[in-house]
Amino acid sequence: MPILSSLHHLFNADTCNTYLPTLRWKEHPLPCPRCPSHTVGPWGAYHYRPGWQRYWGHGCRRPFHDLTHPLLAQSKRAVGHWLLATFLLCLACSSRRIAREVGVPISTSYRWCWWLRNAALCYELERQLAGPVEADELYHTAGQKGQAQQGGKKALGHRPRGRRKKREPGRGHYEQDRPAIIAWVSRQGAVVIHATRDCTVQTVQKAAEIAVRAGSRLSTDSASSYRAVKGYVHEDVNHTRKEYARGDVHENRAECLFSLLKPYLRVFRGVSKTNLPGYVGFFQFLRNVRQHNAFEQAELILQVALDPVIASRVKKGEFVTCFDHFDLLQTARN
Ligand SMILES: [Zn+2]
């Protein structure tokens, strides 16, 4: 038997508890968690929480502490569990793996993973690329994994599917459980990845308008959807004629991104198409902060998770919804 069963047993509870307040007040003082007022001040300490700072909100005239209303509030688990879970999520572990390493039930770890992915996505909502941008698409098999509403043995309303879904011939489409993933990769480093229903001219045009600043240079393969895109300086290489690069016209970075995205998604052993935008969005976050190590990435996520306003939106899953590009054309029409 090992002496320690989990890594977080080595975490010092006091260090974790003092780490969170420093993180919360690091960049800018956050408003009172109950009202938008910024007039808050220290107000003594807690007898039952040694080392914790208590604050007074002058707007609503109520006390609060560092864990009033952020994502971690009212969690039965110690802060160390959350730190380790966020760290493992940034190392691209599945929720089952995280459950085992942290020692929480799978349902808990699944919920945490989605909350934390949602929190990470709030960094990515406004991202738009500039400079020379490469684009490519991939069709990823994504079906109806785990779609019973309350879990358990409920009627799914469709045939249960095996995790390795058989691929149908031809191009993918959302209805055929093979939605498209379009990657936009700036040569300056940033990436935007969209999970879309298909890869038609209209979809690519809308996705390009969201992802890439108008007038930028666009390098793609010779697919007709990209050729028809308006508002960009477009150059393409013809893969059918075995042309992969012509001077600095190539899409090797976009293909490289897919070579990283595929093994990332494989860890989850089949992804539901409802959850695909969330997974893809989180991968985009990881790529865009790739100069940091996993703990620094986790710190970025925890920092926004401590903001009471963001935390309440995270629990409703709002950021993943903003990231859902399956209804790109419908939203554009409205
Ligand atoms: Zn207040």
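The values are calculated or read from the model by the stated rules, or taken from the named source; none is laboratory data. All values derive from a computational prediction rather than experimental measurement. Reconstructed Cβ throughout: ideal geometry from the backbone, glycine too, with neighbour counts over all protein chains shown. Each accessible area value is taken on the protein alone, full model and side chains, heavy atoms only, with ligands, DNA and RNA left out. Shrake-Rupley method; radii C 1.70, N 1.55, O 1.52, S 1.80 Å.
General remarks:
- Short-range pairs are left out: with C-alpha atoms under 8 Å and at least six residues apart, the relative contact order of the chain is 22 percent.
- When you filter the chymotrypsin sites (Phe, Trp or Tyr not before Pro) in the stretch 1-102 for DSSP loop state and at most 11 other Cβ atoms inside 10 Å of their Cβ, you are left with 48.
- Across the chain, the longest piece that holds none of the GluC sites (Glu not before Pro) lying in DSSP loops with up to 11 other C-beta atoms within 10 Å covers 127-334.
- A crude spin-label estimate for the pair residue 25 and residue 47, with each label 7 Å from Cα along the Cβ direction, gives 2.3 nm.
- Mean sequence separation of contacting Cα pairs (under 8 Å, at least six apart), scaled by the length of the stretch 1-144, corresponds to a relative contact order of 17 percent.
- Cα centroid of the stretch 179-208 to Cα centroid of the stretch 50-95, whole Å: 35 Å
- With a 1.4 Å probe rolled over the protein heavy atoms of all chains, the accessible area of 287, 34, 253 falls in the order 253, 34, 287, largest first.
- For the chain, carbon and sulfur atoms together expose 52% of the accessible surface, with a 1.4 angstrom probe and every protein chain in place.
- Local net charge near residue 6, Cβ-Cβ under 15 Å (Lys/Arg +1, Asp/Glu -1): +2
- Segment residue 322-residue 224, length gained on full extension (0.36 nm per residue, minus Cα span): 32.5 nm
- Loop-located trypsin sites (Lys or Arg not before Pro) in the stretch 175-241 (DSSP state other than H, G, I, E, B) with a sparse environment of at most 10 neighbouring Cβ atoms within 10 Å: 230, 241.
- Geometric extent, Cα atoms of the chain - Rg, Dmax (angstrom): 22.5, 74
- P(r) tail fraction, the stretch 1-86 - alpha-carbon pairs more than 18 Å apart, %: 49 percent
- Surrounding net charge for residue 243, when Lys and Arg each add one and Asp and Glu each subtract one, Cβ distance under 10 Å: +1
- Farthest positive-ward along the chain dipole, Cα basis, beta-carbon charges - from 80, 256, 53: 80
- Taking each of 206/316; 262/316; 76/315 in turn, the alpha-carbon distance tops 21 angstrom for 206/316; 262/316.
- Estimated [θ] at 222 nm from DSSP helical runs (n ≥ 4, -39500 (n - 2.57)) normalised by residues in the chain, nearest 500: -11000 deg cm²/dmol
- Magnitude of the charge dipole, the stretch 1-145, Cβ model with Lys/Arg +1 and Asp/Glu -1, debye to 20: 800 debye
- Each Lys and Arg adds +1 at its Cβ and each Asp and Glu adds -1 at its Cβ; summed about the Cα centre, the chain shows a dipole of about 1360 debye.
- Global geometry of the stretch 36-81, whether rounded, prolate or oblate, following the gyration tensor of its Cα atoms and the 1.5 cut on a/c: oblate
- Gain on full extension, evaluated as 0.36 nm per residue between residue 54 and residue 78 minus their Cα-Cα distance, stands at 6.7 nm.
- Scaled against the 2.2 N^0.38 Å expected of a compact globular protein of N residues, the Cα radius of gyration of the stretch 7-156 reads 1.35.
- Accessible surface area normalised per residue over the stretch 1-122 is 56 Å², counting heavy atoms of protein chains with a 1.4 Å rolling probe.
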